[in-house]
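To keep things clear, I will list the structure first and then write my remarks on it.
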Amino acid sequence: MTEELPVATQPVTWLDFLTDDGVLLDDRLDRWEAFVLDKPQIECPLTHTYPEGLYVREIFAPAGSIITSLIHKFDHPFFLLRGKLTVISETEGLVTYTAPMYGITMPQTRRAILIQEDTVWVTVHPNPLNKKNHEEIRNDLTYVRSNKYLLCLG
């Protein structure tokens, strides 16, 4: 007589893991970031431009990438110029975007993004002091979140 194996209760795909409603989204994203920390990382080149009073950030993300965003302090427009992706966030739920399209990122938004096709995503942010250092601007526009799962790895 063979013993029946228990049904798996652990997530089996990235989507199962990130859509587990029994866990807060921020915690799911923190666990995801810790899980992929030692995995090969895919390069997603950034382009930064600084028109008067603005900061424009362009990211190229190749198909197969999974990205977690920073937490945004302010609303701002985004433009999907090329590609297709699936997003999960507290403000949007689970949605698929196909270029060309645009939207507004709301304050406190943090996303996990699965890139289904090579994608070009552009965001536009206020830059009233005309700063030219994208890292300094990023600190002005986003919150730093301590990931308790990463703190345990040091």
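Among the residues making up segment 108-149, a single one is under 13 Å from the mean Cα position of the chain (by Cα) and at positive phi: 108. Of the residues making up segment 89-98, just one is touching a residue at least 60 places away in the same chain (Cβ under 8 Å) and outside any strand (DSSP E or B), namely 90.
Count, please, the residues in segment 37-88 that happen to be assigned to a loop (DSSP other than H, G, I, E, B) and within 15 Å of the chain's Cα centre (by Cα). So that I can check it myself, show each step before the final result.
Within segment 37-88, the first condition is being assigned to a loop (DSSP other than H, G, I, E, B), and the residues that meet it are 37-45, 50-53, 62-65, 69-70, 73-75.
With the extra rule that they be within 15 Å of the chain's Cα centre (by Cα), the set shrinks to 37, 41-45, 62-65, 69-70, 73.
Residues that pass the stated criteria total 13.
State yes or no: is residue 16 loosely packed, with under 14 Cβ neighbours inside 10 Å, of a type in the set (Asp, Glu), at pLDDT below 85 and under 18 Å from residue 114 (Cβ atoms)? So residue 16 fits the description; yes. Within segment 29-47, restricting attention to residues that are touching a residue at least 40 places away in the same chain (Cβ under 8 Å) and surrounded by 14 or more Cβ atoms within 10 Å (Cβ to Cβ), the residue that is farthest from residue 89 (Cα to Cα) is 34.
Would you tally the residues in segment 99-141 being farther than 20 Å from residue 51 by Cβ and in contact (Cβ under 8 Å) with a residue 40 or more places away in the chain? Final tally of qualifying residues: 11. For segment 105-146, a tally of residues being surrounded by fewer than 12 Cβ atoms within 10 Å (Cβ to Cβ) and under 23 Å from residue 28 (Cα atoms) returns 2. Considering only segment 111-152, state which residues are of a type in the set (Ser, Thr, Tyr) and in a strand (DSSP E or B). Result: 119, 123, 142, 143.
The values are calculated or read from the model by the stated rules, or taken from the named source; none is laboratory data. On a predicted model such as this, the values are computed, not experimentally measured, just so you know. Glycine also receives a Cβ, built like all others from the backbone with ideal geometry; neighbour counts cover every protein chain displayed.
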